[in-house]
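Here is the structure we will look at.
Just so you know, all these numbers are worked out from the coordinates, no wet-lab data involved. Note that the structure is a prediction, hence the values are computed from the model and not measured. Note: ideal-geometry Cβ built from the backbone for every residue, glycine included; neighbour counts use all protein chains shown.
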Amino acid sequence: QVRLVESGGGLVQAGGSLRLSCAASGSIFMINSMGWYRQAPGKQRELVASTTSGGRVDYADSVKDRFTISRDNAKNTVYLQMNSLKPEDTAVYYCNAAGSVWMGSRTFDSWGQGTQVTVSS
C-alpha cells in the first residue's frame, strides 16, 4: 500500500556526517509518524529517532545532540541528519512510517528496505 524508499547511506570516517532521506509513496491519506531505526550485526533493531504529526520528536540517548530528524509533509519525506558519526553508529538504517490510506479507511505501518551506514575509525 505504502512504499518507502531510502537513500543517503554510505561509508564515512568517524567525525563525519551523512544525511538519510526516506520518501513515502502510495495512496496515502495521512502519515501520523515517521522514524528511523537501525540494526547492527548481532543486535536487535532499535529506534534512532521519530517524529509525529503532532510535533513530538524522540531520540535514542546515544544519538542525542548528534542526529536531527526532520520531515517535509508536502513531500511525505523524512530526513535524518547525522553528525559527529562514530564507529558504533555503523548499522543498517530503516525508515518506518505509519498512518492511513484510502481516505482514512485503512491503516498502514510500512518499512523501507534499509540503507547501510558504515563509520570507519
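Descriptive notes on the structure:
- Within this structure, residue 83 fails the test of being polar (S, T, N, Q) and on the phi > 0 side of the Ramachandran plot.
- Those strands (runs of 3 or more DSSP E) lying entirely in the range 19-106 with at least 3 residues closer than 23 Å to residue 1 by Cα: 28-39, 46-52, 77-82, 91-101
- Scope the range 29-45; condition of a type outside the set (Phe, Trp, Tyr), in contact with a helix residue (DSSP H, G or I) (Cβ under 9 Å, 6 or more places away or on another chain) and over 29 Å from residue 87 (Cα atoms); matching residues: 30, 31
- Search result, residues across the range 82-110 that are under 12 Å from the mean Cα position of the chain (by Cα) and within 15 Å of residue 9 (Cβ to Cβ): 82, 92, 93, 94, 95
- Evaluation of residue 68 against (1) crowded, with 19+ Cβ neighbours inside 10 Å; (2) out of contact with any helix residue (DSSP H, G or I) (no Cβ under 8 Å at 6 or more places or on another chain); (3) under 25 Å from residue 10 (Cα atoms) (one fails), failing number: (1)
- Of all residues in the range 50-60, one or more are surrounded by fewer than 14 Cβ atoms within 10 Å (Cβ to Cβ), at negative phi and small (Gly, Ala, Ser).
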